[in-house]
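Peer 1: Pasting a structure below so you can have a look.
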Amino acid sequence: MGYVITVDGPAASGKSSLSRELSKKLNIPWVSTGAFYRGLAFAAIQRKIALTDKVALSELALSSIWKVEMTPEKTQVWFDGQDVTEKIAQEEVGNFASQVSHYPEVRSSLLDLQRNCAFKAEGLVAEGRDCGTVVFPQAEAKIYLTASSENRAQRRAQELGLDEKKLVVQQQKRDHQDSTRKTAPMQAPKDALVLDTTELNFNEVVTQVHKFVQQKIHKAI
Ligand code: DC
C-alpha cells in the first residue's frame, strides 16, 4: 500500500474539490468514499431493496451489479453497465446514503472495497467521514475540513441550483445523523489538521493543506 492522505468533514465542506486538487499536485489518485454509500443507496432503490434491510444491503454492497471507479476529475459510479455518477450526486441520494451508512454491516461490507483503492498507485487521497479514523487510521496525513452550515449550504446550492434555506435544514439533519451514529461517526481524527474554511478562499485552503501534507509525507517516506 502507498501513502494515504485523508480528508474528512461534513457535507459540502469542500472535501472533493480539495482532494481533486491535492491529487493533481501529488500525481496520485483520489477517491470519494461517499460514492460507495451513494452508489449502494442508488442500487438499492433500483433493485427495490428497502433502505432499512441491512442484510440485503450488505449483500448488495458486494454485488458486481454496481461499481466505483476513480478518475482524475471524479469518483464514478456504474450501475448495471451505466454511468450513474450524475444521478448519485443529487442531494436526495446523499440523504439516502446517510441512512444506509448507519448500519455497521453495510459499513464493513464496503470497507475492503474502499481500502483496495490504496493499492492502485504509490499514494491515495481518500475523502469522506471516517477515512482518517476507520478506513485508513494509519494515514500519513489527515485533514478535517469544516465550514459554517450557511457557507456549506450556499456552496451546494450554487453547485446544484437548489434552494439554500432548504439545504441548510437538510444538511444539518444529515450531519447530525452522520456524527451521532454509533459505528464510525464523523469526527476529526486526533492527529488531523482541522481547518475551518468559512473565511478562506479555495487557493488559501489548498496552500495550507499542501504545505501540511508535504511536511507529513517527507517525515513518513
Ligand atoms: O460525502 P458524501 O456527501 O458523498 O457522503 C454521502 C453520505 O455517505 C454521508 O452523508 C454519510 C455517508 N458516508 C459515510 O458514512 N462515511 C464515509 N466515509 C463517507 C460517506
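Peer 1: If you take the residues of segment 183-195 that are surrounded by fewer than 20 Cβ atoms within 10 Å (Cβ to Cβ) and more than 12 Å from the ligand (Cβ to nearest atom), which of them is nearest to the chain's Cα centre (by Cα)?
Peer 2: Looking at residues that are surrounded by fewer than 20 Cβ atoms within 10 Å (Cβ to Cβ) and more than 12 Å from the ligand (Cβ to nearest atom), I get 188.
Peer 1: Checking the conditions here, which among 67, 87, 25, 48 is in contact with a His (Cβ under 7 Å, 6 or more places away or on another chain) and either without any contact (Cβ under 8 Å) to a residue 60 or more places away in the chain or not in a loop (DSSP other than H, G, I, E, B) (or both)?
Peer 2: Step by step, each of 67, 87, 25, 48 is checked, and only 25 is in contact with a His (Cβ under 7 Å, 6 or more places away or on another chain) and either without any contact (Cβ under 8 Å) to a residue 60 or more places away in the chain or not in a loop (DSSP other than H, G, I, E, B) (or both).
Peer 1: Could you tell me which of the residues 42, 36 is within 14 Å of the ligand (Cβ to nearest atom) and surrounded by fewer than 24 Cβ atoms within 10 Å (Cβ to Cβ)?
Peer 2: Values: 36 fails: surrounded by fewer than 24 Cβ atoms within 10 Å (Cβ to Cβ).
It is 42.
Peer 1: Among residues belonging to segment 3-22 that are in a helix (DSSP H, G or I) and aliphatic (A, V, I, L, M), point out the one that is farthest from the chain's Cα centre (by Cα).
Peer 2: Of everything passing the filter in segment 3-22, 22 is farthest from the chain's Cα centre (by Cα).
Peer 1: Next question, about the same structure. Which one of these does residue 58 not meet: (1) part of a helix (DSSP H, G or I); (2) away from the ligand (no atom under 15 Å from the Cβ)?
Peer 2: Failing condition for residue 58: (2).
Peer 1: Looking for whichever is within 10 Å of the ligand (Cβ to nearest atom) and either within 30 Å of residue 215 (Cα to Cα) or modelled with pLDDT under 95 (or both) here; the options are 74, 25, 15. Which one fits? Talk me through it step by step, then tell me what you get.
Peer 2: Values: 74 fails: within 10 Å of the ligand (Cβ to nearest atom); 25 fails: within 10 Å of the ligand (Cβ to nearest atom).
The unique qualifying residue is 15.
Peer 1: I'd like to know if segment 166-174 contains one or more residues that are at pLDDT 95 or above, surrounded by fewer than 20 Cβ atoms within 10 Å (Cβ to Cβ) and over 16 Å from the mean Cα position of the chain (by Cα).
Peer 2: no
Peer 1: Then there's this: Quick one: count up the residues across segment 124-141 that are crowded, with 23+ Cβ neighbours inside 10 Å and more than 30 Å from residue 164 (Cβ to Cβ).
Peer 2: 5
Residue-wise test of (1) under 14 Å from residue 181 (Cβ atoms); (2) touching a Cys at 6+ places or on another chain (Cβ under 9 Å); (3) charged (D, E, K, R); (4) near the ligand (Cβ under 8 Å from one of its atoms).
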position	(1), (2), (3), (4)
78	no, no, no, no
84	no, no, no, no
87	no, no, yes, no
90	no, no, no, no
96	no, no, no, no
104	yes, no, no, no
107	yes, no, yes, yes
114	no, yes, no, yes
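Peer 1: To continue, here is another question. Out of 28, 45, 49, report the one residue that is of a type in the set (Val, Ile, Thr) and in contact with a Gly (Cβ under 7 Å, 6 or more places away or on another chain).
Peer 2: From the options 28, 45, 49, the qualifying one is 28.
Peer 1: Ok, one more. For segment 139-152, which positions are out of contact with any Ser or Thr (no Cβ under 8 Å at 6 or more places or on another chain) and either within 13 Å of the ligand (Cβ to nearest atom) or within 20 Å of residue 36 (Cβ to Cβ) (or both)?
Peer 2: The one that is out of contact with any Ser or Thr (no Cβ under 8 Å at 6 or more places or on another chain) and either within 13 Å of the ligand (Cβ to nearest atom) or within 20 Å of residue 36 (Cβ to Cβ) (or both): 144.
The values are calculated or read from the model by the stated rules, or taken from the named source; none is laboratory data. Note that the structure is a prediction, hence the values are computed from the model and not measured. All Cβ positions, glycine included, derive from the backbone under ideal geometry; neighbour counts span all protein chains shown.
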